[in-house]
1. Which ones in the stretch 107-130 are open to solvent by 100 Å² or more (accessible area, probe 1.4 Å) and not in a helix (DSSP H, G or I)?
2. Report yes if A89 is among the hydrophobic types (A, V, I, L, M, F, W, C) and open to solvent by less than 30 Å² (accessible area, probe 1.4 Å), otherwise no.
3. Looking at the stretch 136-143, is at least one residue farther than 17 Å from L234 by Cα and outside any helix (DSSP H, G or I)?
4. What pairs can you find where one residue is in the stretch 235-259 and surrounded by fewer than 23 Cβ atoms within 10 Å (Cβ to Cβ), the other is of a type in the set (D, E), and their Cβ atoms are less than 6 Å apart, with a gap of 6+ or different chains?
5. Would you tally the residues in the stretch 198-232 being within 29 Å of S41 (Cα to Cα) and open to solvent by 10 Å² or more (accessible area, probe 1.4 Å)?
6. Please verify whether the stretch 24-31 includes one or more residues that are loosely packed, with under 10 Cβ neighbours inside 10 Å and modelled with pLDDT under 80.
7. Report yes if some residue within the stretch 149-171 is surrounded by fewer than 20 Cβ atoms within 10 Å (Cβ to Cβ), over 26 Å from L124 (Cα atoms) and in contact with a Lys or Arg (Cβ under 8 Å, 6 or more places away or on another chain); otherwise report no.
8. Say whether the condition of being part of a loop (DSSP other than H, G, I, E, B), touching a residue at least 12 places away in the same chain (Cβ under 8 Å) and open to solvent by 90 Å² or more (accessible area, probe 1.4 Å) is met by at least one residue in the stretch 40-52.
Amino acid sequence: MSASTPQVLRPDRKKHRIGYNIAGLVAFVLMAFPVYWLVISSLRPNAEIRSYDQTLWPSSITFDNFSRAIKQPNFGTAIESSLIVCGVAVLGGMLLATIAAFAIGRFRFRGRKFFMIVLLVVQLLPPTAMLIPIYIQLNDLGGLNEYWGVIVIYLVSTLPFATWMIRGFVINIPPELEESAMVDGCSRMGAFWRVTFPLLAPGLAAASIFSLITAWNEYLLAYVVLQDNDKYTLNVWLMNFTTSRGIDYGALMAASTMIAIPVVAFFLLVQKYMATGLTSGAVKG
């Protein structure tokens, strides 16, 4: 068969492909519908949201929900708190994870495999299961109601998986590149930062989006550690829409939509690197 001859699928394979496409479409609809309903509800009038007769498209579109959400007290400080906590946690986590992944991927030392297993086991433990020990430790260290207390929790929570992910990239970069740089006069760390580190961009992108999503969407730990209203992160700030008079569903949906936008935008920027980073290291290492 020549290269220009189109490949003809057998009837059974064609049926399988149609079935896979239908299954994929159903899975997409199931996952996308909650997001669609969130956005649509943020554009509905409150009276329509509370109505028993719901439709897939609102009878009228209003942006009043967004206006009420923005005017809610401490909206600006909540944005500032989330940016500080998540930004520092992600940047610090990527720095530590990169150094740890380089050490694990390049050097052979006693207990190396055991340490890698410990990283995975630690990742299986949810931070909420250790809420009481974390609270006691932060209280002894003076970290309650402080940004750095939440930052440390988020950083430690995402560090094991980020280290494991970046390690997959480190072991796929030929060490000869670093050796050539060292022959040219670079130190070990100089060769790493000038040669290896730029090649880790896909792994860093994948690890950073994972860390950002984990930190940005976390609620319970931030609620327990941060006790002042002017230090609440955005997810904790959403409690303001639940009062003794009821829940302002329209403003709540609008605020939730705005909170999701930064993570979605960041994901769209790095998604091509993230797909590569998630599969790196699957063959070698």
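1. R108, R110, listed by residue number.
2. Here the answer is yes, as A89 does meet what is asked.
3. Looking for residues that are farther than 17 Å from L234 by Cα and outside any helix (DSSP H, G or I), one finds at least one in the stretch 136-143, hence yes.
4. F241/D248
5. 14
6. For the stretch 24-31, residues loosely packed, with under 10 Cβ neighbours inside 10 Å and modelled with pLDDT under 80: absent.
7. no
8. yes
The values are calculated or read from the model by the stated rules, or taken from the named source; none is laboratory data. Only a predicted model underlies this, so the values are computations on that prediction, with no experimental measurement involved. Note that we place each Cβ from the backbone using ideal geometry, even for glycine, and neighbour counts take in every protein chain shown. SASA here: full protein model, heavy atoms, side chains in, ligands and nucleic acids out. Shrake-Rupley method; radii C 1.70, N 1.55, O 1.52, S 1.80 Å.
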